[in-house]
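Below is one structure, written out as structure tokens; comments come after it.
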Amino acid sequence: MAESLRAVKGMNDILPPESARWEWFESKVRALMARYGYANVRTPIVEPTALFVRGIGEVTDIVEKEMYSFTDAMNGDKLTLRPEATAGIVRAMVEHNALYNGPMRVWSEVSVFRHERPQKGRYRQFHQIDVEALGFKGPDVDAEQILMCRALLVDLGIPMANVELQLNSLGQADERLAHRAALVKHFEAHADILDEDAKRRLHSNPLRILDTKNPAMQAMVESAPQLMDFLGEASLAHLNAVRAILDAVGLTYRINPRLVRGLDYYNLTVFEWVTDLLGSQGTVCGGGRYDGLFEQLGGKPTPAVGWGMGIERMLLLLEAVGVAVPAGAPDVFAVVPAAEAMPVAVALCETLRSAGVSVQMHAAGAESWGSMKSQFKRADASGARHALIFGADELARGEVALKNLRDAQAPQRTLALADVAAWGADLRNA
Ligand code: ATP
Ligand code: MG
């Protein structure tokens, strides 16, 4: 036997029945986007590496050590599998001058790639729902985006008690600069505690030191000067306007002054939805405002705000809180005892399907045809409500047998072949 091949480490196959949970989740997302007026966009998985270096920031974890970058063997182009969705969407908007007629609300479902240490809730290929409002200054749109997340959590059946909304403001560039100077001073005064990562970032990106997971640095980080104290009037007003909306709709949140997010492009509003049910993979959704990104990527100054939700983590959270996702099952399972009945059975299944009934058939080559018993086992396992049995005797009389698989007491009955279409239509309308 040839050596077997395996999926790349940290990258998952999504097979039935798990895939049904994904489809159910996606249907909730699509309904949400329609309700909030967000249009779907799809951009390439592969982008020029420079897009992410410029867009995400050179000294972020993602760009420093998590990107799947490669050289196109055909022409030497430097390319990267997208590690996040926003930069690609902004590139597309700039390239196509898509905001020419005004601001846009868009969303995308994306697979993203990061070379991280795989564990539960953390993979090397994972999936996000990504939502962006482009060309809006806010703060109303900032609040809208946060409320969309809440609406989705509610639609999915996740109790609000199991999630927390954390909110912060990163202010504007000049405010961050003043804060940064104070931070560097603070870190320099505690140079003995800084780890290698922190030392390297001390002058390139000291804000990221606040995001450290090193326990030895926690106390030092907690006593660091807070950006909140450096915010000017306009930034505070923006934050307060977002808060006023959240308060008005009764959405509780916690101001987390240390929330900085892992990408460089954010300003003003940043937020995360976190849960304590998934260990250190507790952030299910994160986002914020990125008013400078369009310019950074060669576009006109364009205010924007967006969020990304990890689909795998949301599905884990659904499992953790015990939300039962409805399993997809056919309406009808066709049991075909003998090869001679197959043409009539297939024809009738087609009639039912065009009436909107979902039909699964026990189709197999002659050598693995399966006994009646094994076919009924499959019928039960399919979750179908009804079995249609194409027995030779019934067919000779122009009939088919009908068995209710959900009600063992219900007697088996027969249907005239000519009446099956009408029966199927009734089934649909029931
Ligand atoms: P974390 O702090 O957990 O690494 P992050 O800040 O890097 O998250 P974002 O870049 O904001 O995450 O991505 C948005 C969402 O994608 C996260 O909130 C999370 O739900 C999910 N996510 C991020 N990294 C992974 C991963 N490696 N595997 C699975 N889901 C992930
Ligand atoms: Mg991360």
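Expressed as a whole percent, the accessible area of segment 332-429 that falls on carbon and sulfur atoms is 52 (1.4 Å probe). For segment 50-83, the set of trypsin sites (Lys or Arg not before Pro) satisfying both a DSSP loop assignment and a count of at most 10 other C-beta atoms within 10 Å is empty. Applied to segment 158-170, the Karplus parametrisation 6.51 cos²θ - 1.76 cosθ + 1.60 on θ = phi - 60° returns per-residue 3J(HN,Hα) values of 8, x, 4, 5, 9, 10, 10, 8, 10, 9, 7, 10, 9 Hz, with x for Gly and Pro. Counted over all Cα-Cα pairs of segment 236-285, pairs farther apart than 15 Å make up 56 percent.
Under the rule a/c < 1.5 gives rounded, and otherwise a/b versus b/c splits prolate from oblate, where does segment 197-262 land using the Cα gyration tensor?
The shape class here is prolate.
Report the net charge of residues surrounding residue 25, where surrounding means a beta-carbon distance below 15 angstrom and charges are Lys +1, Arg +1, Asp -1, Glu -1. Once all neighbours under 15 Å are counted, the net charge is -4.
Each other residue within a Cβ distance under 12 Å of residue 391 adds +1 if Lys or Arg and -1 if Asp or Glu, for a net charge of -2. Note on the chain: helix-only mean residue ellipticity at 222 nm, from DSSP H runs of 4+ residues weighted -39500 (n - 2.57) and normalised by residue number, equals -11000 deg cm²/dmol. For the chain, the calculated P(r) over all alpha carbon pairs, in 10 Å bins from 0 to the bin holding the longest distance, is 4, 17, 23, 20, 14, 10, 7, 3, 1, 0 percent. Here, P(r) means the percent of Cα pairs in each 5 Å bin from 0 to the largest distance; for segment 17-129 it is 2, 10, 17, 19, 19, 15, 11, 5, 1.
So which lysines pass the test for residue 403, namely a Cα distance under 27 Å, with those fewer than 8 places away in the same chain ruled out? Partners within reach: 373, 377. With both residues required to sit in the chain, DSSP beta bridges show an antiparallel share near 80%. When the listed pairs 9/199; 78/120; 65/199; 9/213 are checked against a 21 Å cut-off, the alpha-carbon distance exceeds it for 9/199; 78/120; 9/213.
Both numbers refer to the Cα atoms of segment 235-332; Rg and Dmax are 17.7, 60 Å.
Note on segment 153-203: the alpha carbon radius of gyration divided by the globular reference 2.2 N^0.38 Å gives 1.85.
Once you order the gyration tensor axes a ≥ b ≥ c over the Cα atoms, which shape class does segment 332-429 get: rounded for a/c under 1.5, otherwise prolate or oblate by comparing a/b with b/c? Cα axes put segment 332-429 in the rounded bin.
The values are calculated or read from the model by the stated rules, or taken from the named source; none is laboratory data. Given the structure is predicted, the values throughout are model-derived calculations rather than measurements. Cβ: placed from backbone, ideal geometry, glycine included. Neighbour counts: every protein chain shown. All accessible areas refer to the heavy atoms of the entire protein, side chains included, with ligands and DNA or RNA removed. Shrake-Rupley method; radii C 1.70, N 1.55, O 1.52, S 1.80 Å.
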